[in-house]
Amino acid sequence: MMTNLLIEDIMNNDILLMAPEDTLSVAIKKMQEKNTDYVLIGSDGYLEGIVTERDVVAKVVSARLNPDTIRLKSIMNTPVTTIERKTHVKDAWELISDSKIKRLIVTEADRPIGVVTSFDILAVAPEVFMCTEAEETADKGGFCEFCGNYFPSLNMVEGKYVCDSCKDQLLED
């Protein structure tokens, strides 16, 4: 059983950590260079928040704000859900499922050292969630047809099963 694996065995340790005072335009450029959809925000190596691609769209683009003048601290989300590197994969899966989040930030001594997503977990331990497409229902949970992440419950919007975050975004459009 692969759930004996630890998070440190599967995490992506190529993280992007920027200062709260950095501008969004610089962050977007770095996100593009790293081909990532998020940036961690922190000082002295300690995690303070996170800004995702979705935050950029919801808080900046939709409000027609200038990314050159927006500081990351003004749009970051806090607190950030973290997990220690020595945690078992099964426990990480439960935290992602229960928290309805897309990624966990892996820490050691309260400093971010990596990230793990539901896809990372399912790639190495599919037994944590056995689901066929026919079983994906709002009551049983499943994979959001918009963002692709697993959630314990889904909403039917425009004929698709979507998570709460994607539901809000689809209904705003």
Query raised in the report: For Gly148, are the conditions met, namely being touching a strand residue (DSSP E or B) at 6+ places or on another chain (Cβ under 9 Å), on the phi > 0 side of the Ramachandran plot and at pLDDT below 85?
Result: no
Requested in this report: Go through the residues of segment 47-55 one by one and say whether even a single one is small (Gly, Ala, Ser) and either assigned to a strand (DSSP E or B) or surrounded by fewer than 13 Cβ atoms within 10 Å (Cβ to Cβ) (or both).
Outcome: yes
Requested in this report: Pairs only if they're at least six apart or on different chains, beta carbon under 9 angstrom, first in segment 86-106 and surrounded by fewer than 15 Cβ atoms within 10 Å (Cβ to Cβ), second charged (D, E, K, R); list them, first residue then second.
Outcome: Lys86/Glu8; Lys86/Glu108
Query raised in the report: Cβ-Cβ below 6 Å, separation at least six or inter-chain, first residue in segment 41-64 and outside the structural domain of Val26 (by TED's automatic domain parsing), second modelled with pLDDT under 90: which pairs?
Result: none
Query raised in the report: Taking segment 93-118 as the search range and keeping residues that are of a type in the set (Asp, Glu) and at negative phi, which one is farthest from the chain's Cα centre (by Cα)?
Result: Glu108
**Report entry** Conditions (1) over 14 Å from Pro152 (Cβ atoms); (2) in a helix (DSSP H, G or I); number of the one not met by Asp98
**Finding:** (1)
Report summary line: Only unsatisfied item for Glu48, checking (1) within 29 Å of Phe151 (Cβ to Cβ); (2) out of contact with any helix residue (DSSP H, G or I) (no Cβ under 8 Å at 6 or more places or on another chain); (3) at pLDDT 95 or above, is (2)
Query raised in the report: Can you pull out the residues in segment 13-46 that are over 15 Å from the mean Cα position of the chain (by Cα) and in a strand (DSSP E or B)?
Result: Met18, Thr23, Gly42, Ser43, Tyr46
Requested in this report: Assess whether Ser97 counts as being modelled with pLDDT of 80 or more and under 30 Å from Gly45 (Cα atoms).
Outcome: yes
**Report entry** Residues of segment 73-92 satisfying the condition of being more than 17 Å from the chain's Cα centre (by Cα) and part of a helix (DSSP H, G or I)
**Finding:** Lys73, Ser74, Lys90
Report summary line: If we ask which residues in segment 139-161 are assigned to a strand (DSSP E or B) and farther than 15 Å from Ser118 by Cα, their number turns out to be 5
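The values are calculated or read from the model by the stated rules, or taken from the named source; none is laboratory data. Here the structure is a predicted model, which means the values were calculated and not measured. Counting neighbours? That spans all protein chains shown, and the Cβs are built from the backbone with ideal geometry, glycine included.
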